[in-house]
Amino acid sequence: MAVKMGVKSGWRAQSIWSELLAEFFGTFVLLAFGAGVVAVAVVGLPESGRTPTIFAGAAGWLLITWGWAMAVAMAVYVAGGVTGAHINPAVTFAFAVKGDFPWSKVLPYWGSQIAGAFAGAALVYADYFPAINMWNQAHKVISRADPGGMTTFSIFATFPANYYGANMLGPFFDQVVGTFFLLLSVLAIIDSMNVGVRANLAPFMIGMAVAAIGMSFGTGSGYAINPARDFGPRLFCWLAGWGANAFPAPHGYWWVPIAGPLVGGSLAVVLYKFFIADTLAARMAAAPETKDDDMVADASVAKDA
């Protein structure tokens, strides 16, 4: 029988390289759509002549949050059949901490995710660099490495809110909180013992979780909640001329969207297990005993009758 859309043997069925390709491509899709929607809000619409004001302020933020939500959903649909679509080093790390993923694959997955994010950022830049250059000219930004270059840099990677000042503990805590809720949502959505998601809507619901995080905890540090999503594009921007805006970033911020998500994701694993998963497991383990007891009781009633 002919095998369509894949093979049953060979490296694609047996090698980690097939998984790394899926993680690369899924993260590429994530950044292409995610950074793309920010590019639309920041430079695309203003410099296109289509609408200079309608997406200003809070409306622009909603455009970005919904765009990233759909980016995550589409990326999970693309890569989910191969790897489950981690597309995020914090997810990979959290699953390893949980015991559901081999530690030997963590670093290779991280490398593929960062490379995919880098490539996705490069694609967005290739499509929007005329708009970026026009925006810089209109706002008299001579160099992307100047402080004014932070606006166009924000298309690709994150930076801390002004209200934190020079203290990076605030943005770090913000990233811990945001990624905690991301992994908490993922764990609940994929847990077959929990309420569950029907009709193959798990990727969509994960996207909705990202939208909720963006709307609730997004302004502190741009809700990277994904080390690859920030580091890959940041590296690209550094190579493309954004200089200190990318590395070390304002107040040396560059490490925050790496360390914060790793801590937040791991914390979600521990707390989900304590508050939810252990209870679900205990109830499932007790269910057959209850059923057997009921059958014995019914048999006794029938015998007495």
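Before moving on, here are some points about what is shown:
- Area of Met284 that stays accessible when all protein chains are in place (1.4 Å probe, Å², to 10): 110
- Euclidean distance of C-alpha centroids, region 15-37 and region 105-138, integer Å: 12
- Span-like helix ranges in the chain, DSSP H, alpha carbon extent 18 angstrom or more, Kyte mean at least 1.0: 16-39, 58-83, 169-190, 202-217, 256-272
- Close lysine pairs were tallied over the chain: pairs 8 or more places apart or on different chains with Cα atoms under 30 Å apart number 7.
- Shown here: the chain, whose C-alpha atoms stretch 93, 53, 38 Å along the first, second and third principal axes, sorted largest to smallest.
The values are calculated or read from the model by the stated rules, or taken from the named source; none is laboratory data. Remember, it's a predicted structure, so these values are computed and weren't measured experimentally. Surface areas here come from the heavy atoms of the whole protein model, side chains and all, with no ligands, DNA or RNA. Shrake-Rupley method; radii C 1.70, N 1.55, O 1.52, S 1.80 Å.
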